[in-house]
1. Are any of the pairs K46/K109; K46/K110; K22/K110; K22/K60; K122/K196 more than 24 Å apart by Cα-Cα distance, and if so, which?
2. Work out the length of the dipole vector of the chain about its Cα centre, built from +1 on the beta-carbon of each Lys and Arg and -1 on the beta-carbon of each Asp and Glu, and round it to the nearest 20 debye.
3. Could you tell me what a quarter of the Cα convex hull surface of segment 4-141 works out to, in nm² with one decimal place?
4. How compact is segment 159-202 by the rule of thumb for globular proteins, expressed as Cα Rg over 2.2 N^0.38 Å?
5. Return the FRET efficiency for the residue pair A16, S209: r is the Cβ-Cβ distance, R0 is 45 Å, and the value is rounded to the nearest 0.05.
6. Provide the gained length on full extension for the span K199 to S125, in nm with one decimal, where the gain is 0.36 nm per separating residue minus the Cα-Cα distance.
7. Sticking with the crude label model, points 7 Å out along Cα→Cβ, report the distance from E62 to V24 in nm, one decimal please.
8. Sticking with the crude label model, points 7 Å out along Cα→Cβ, report the distance from N79 to L148 in nm, one decimal please.
Amino acid sequence: MAGMGNERHLETGSLAPPPPGKDVVRVYGMKFCPYVQRLKLVLAAKEVKHETININLTRKPEWYFEKNPRGLVPTLEINDDVIFESDITAAYVDAVYPGRKLMTEIPLKKAKQQMLLGDHGKTVSGFYKYVLSPDQAGKDEAVETAKLGLGALEKFLKQAKSAFVCGDQPGFMDYMMWPHIERIGVFIPDLIPTFKLVKKYFDDMGLDSAVKACRHSNELHSKFFNIEENLRTGEKRRMYDCGEVLEYNFPNKK
């Protein structure tokens, strides 16, 4: 979707783009990265206009390490200031820009949501184990790991008696958790319906305007991971520039 940015992924050997204009919000990201999606969801929910420079994470441009020494995405650049890490950039956007406040200011609520995010790590690791496992035994183990994370979400929603983690509408923690839950729905589609409240949560999140703006089709997710071709060749090649691809209006090749 356009919310994730369809710009071509710059790679090794590309020229650095010119700096963003005054007060322009620039995101260095990757179209299919769930951590970039966290930031993009918050930007969409806050209706913050921004531009996107996409980075090939397998062949990172040399100049990108000057922006982010860790070489990771997302990175946020505004008026010569650079911020990185998905939760940090998303929290910054929520704090600085007008619109609906996404992060709760109630300490106990925030603490409980942060503990849930820790449990969500099982969902995250289960997803990656599943898509990267070459055999069924590995995939079965991955499903059991993901169940632990989704089970924690089920328990949280039951105790909170709310549609979303943050209450009656999606908030900051929902947007931090959604990207990997979305991908579980794509690659392990039979898992989410085994949890009644998580299934409703999944369906309700799918109706949110920010989620709609930043959500890829199942087909596009699968094309990016290139699973069938990788199993055939034994490689782990990602299809960064699949789907719609937009060219930049500045030179990007030597």
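The values are calculated or read from the model by the stated rules, or taken from the named source; none is laboratory data. Predicted model only: the values in this text are computed from it and were never measured. Methodologically, a virtual Cβ is constructed for each residue, glycine included, from the backbone with ideal geometry; neighbour enumeration extends over all protein chains shown. Protein only, heavy atoms only, side chains kept; ligands, DNA and RNA dropped before computing areas. Shrake-Rupley method; radii C 1.70, N 1.55, O 1.52, S 1.80 Å.
1. Check vs 24 Å cut-off fails for K22/K110; K22/K60.
2. Roughly 340 debye, rounded to the nearest 20.
3. The directionally averaged projection comes out at 10.2 nm².
4. Expressed relative to 2.2 N^0.38 Å, the Cα Rg reads 1.15.
5. Calculated transfer efficiency: 0.85.
6. Extra length from K199 to S125 when fully extended: 24.7 nm.
7. 2.5
8. 4.5
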